[in-house]
Structures are given as structure tokens and as C-alpha cells.
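Below is one structure, written out as C-alpha cells, with a few remarks after it.
Values quoted throughout were computed directly from the atomic coordinates according to the rules given, and no laboratory measurement underlies them. In this text, all values refer to a predicted model and were calculated from it rather than measured experimentally. All Cβ positions, glycine included, derive from the backbone under ideal geometry; neighbour counts span all protein chains shown.
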């Protein structure tokens with residue numbers, strides 16, 4: 001004999017309203033997956049069966065149901081924490097940005113050393129790339145400059161190809 005469901009699902013929306021949200025309103029795939037979970041629960045499936053049908057684990061499904069029972073549709077919207085605060089203050093970031101814009105050939109290693117020497121903060125190479133991305137700067141592998149190349153190399157080449 002099957003065990004009765006221990007936590008019942010609350011009906012915040014009618015089945016028709018739920019289907020309407022699923023079919024036309026919802027664009028976020030995370031919320032859509034959770035709405036399908038609620039739909040299966042409305043139809044009488046257990047938490048474990050509903051979790052299996054939408055492709056999630058049973059503990060996560062119980063969290064979804066708890067949030068649905070407490071907050072309804074708003075409980076299904078993901079809540080992102082935002083991560084750790086930055087090691088650099090906003091003023092320090094602005095100063096760093098000004099320094100980096102003075103030259104256009106920084107290596108990530110040089111930026112890492114600059115941040116450590118100037119602000120006494122240690123970042124990984126990946127974090128340096130994220131900082132540069134937020135500043136709207138691009139990074140690339142530097143190429144070597146030939147010291148023997150004349151200053152007007154492009155002009156000389158154009159003259160040679162025209163003749």
C-alpha cells in the first residue's frame with residue numbers, strides 16, 4: 001500500500017490558470033520547469049513522481065513545493081544571492097580603470113601585479129579576466145614586434161604593389 005502524501009500542494013491557481021501560464025506567459029525555462037512540477041502535483045502525482053517527470057531531484061522538488069505553498073507563483077522565481085562582495089572598492093576600481101586605459105597592451109600578469117602593488121589585493125587570473133570584461137576591455141595574446149620593421153612599412157608596401 002502506498003504511503004499517503006505528507007505535504008499537500010496548495011492550489012494558488014486553478015488548473016486552467018496554471019496551464020495558461022505554462023502555454024503563453026512563461027519564458028524563463030527554470031520557472032517553466034517548476035510550473036510543470038506544480039501541474040503534475042495538481043494532477044495527483046507524488047513529489048517523487050513529479051520530480052522524475054520534470055528531471056529534478058526529490059529534495060529540490062520538496063523545496064519547490066514548499067516555496068509554492070508559501071508564496072504561490074512568486075515562490076517559483078529563482079532567487080540569486082549575488083556572490084561575494086568585491087575585494088576592491090568602487091573608487092579603487094575607477095582608479096584601476098584609469099590606469100589601464102593609459103596603455104593598451106597590458107598582460108593579465110601585469111594587471112595582477114599592478115592590483116597587488118597598488119591596492120594590496122590578490123586576484124586569480126580568471127578574476128582578472130572578469131574585471132577586464134566588466135571594464136569593457138578585451139584581452140588577447142600579445143604578438144612580438146619586429147624591431148627591424150620601419151615606421152612607414154604600410155606605405156612602403158603600398159608603393160611597391162602599385163608599381
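Let me know the shape class of region 84-155, please: from the alpha-carbon gyration tensor, a ≥ b ≥ c as square roots of the eigenvalues, rounded when a/c is under 1.5, otherwise prolate if a/b is greater than b/c, or oblate. Cα axes put region 84-155 in the prolate bin. Once you have a ≥ b ≥ c as the square roots of the Cα gyration tensor eigenvalues for the chain, tell me rounded if a/c is under 1.5, and otherwise prolate or oblate according to whether a/b is larger than b/c. Verdict is prolate for the chain. Compared with the alpha-carbon gap, the fully stretched path from residue 105 to residue 29 is longer by 23.3 nm at 0.36 nm per residue.
What length, rounded to one decimal in nm, is gained on full extension from residue 118 through to residue 97, with 0.36 nm per residue of separation minus their alpha-carbon distance? Show your work: numbers first, answer last.
Numbers: separation 21, 0.36 × 21 = 7.56 nm, distance 1.25 nm.
Stretched fully, the residue 118-residue 97 segment lengthens by 6.3 nm.
The value of relative contact order for region 51-142, using C-alpha pairs under 8 Å at least six residues apart, is 17 percent.
Using R0 = 25 Å, the C-beta based FRET efficiency linking residue 52 and residue 84 works out to 0.10. The relative contact order of the chain, computed from alpha carbon pairs under 8 Å that lie at least 6 residues apart in sequence, is 14 percent. With all pairs of separate Cα atoms included, region 2-76 yields a Kirkwood hydrodynamic radius of 12.2 Å.
Please report the relative contact order for region 24-78, taking Cα pairs under 8 Å with a sequence separation of at least 6, and give it as a percent rounded to a whole number.
Numbers: 39 pairs, mean separation 18.5, N = 55.
Result for region 24-78 is 34 percent.
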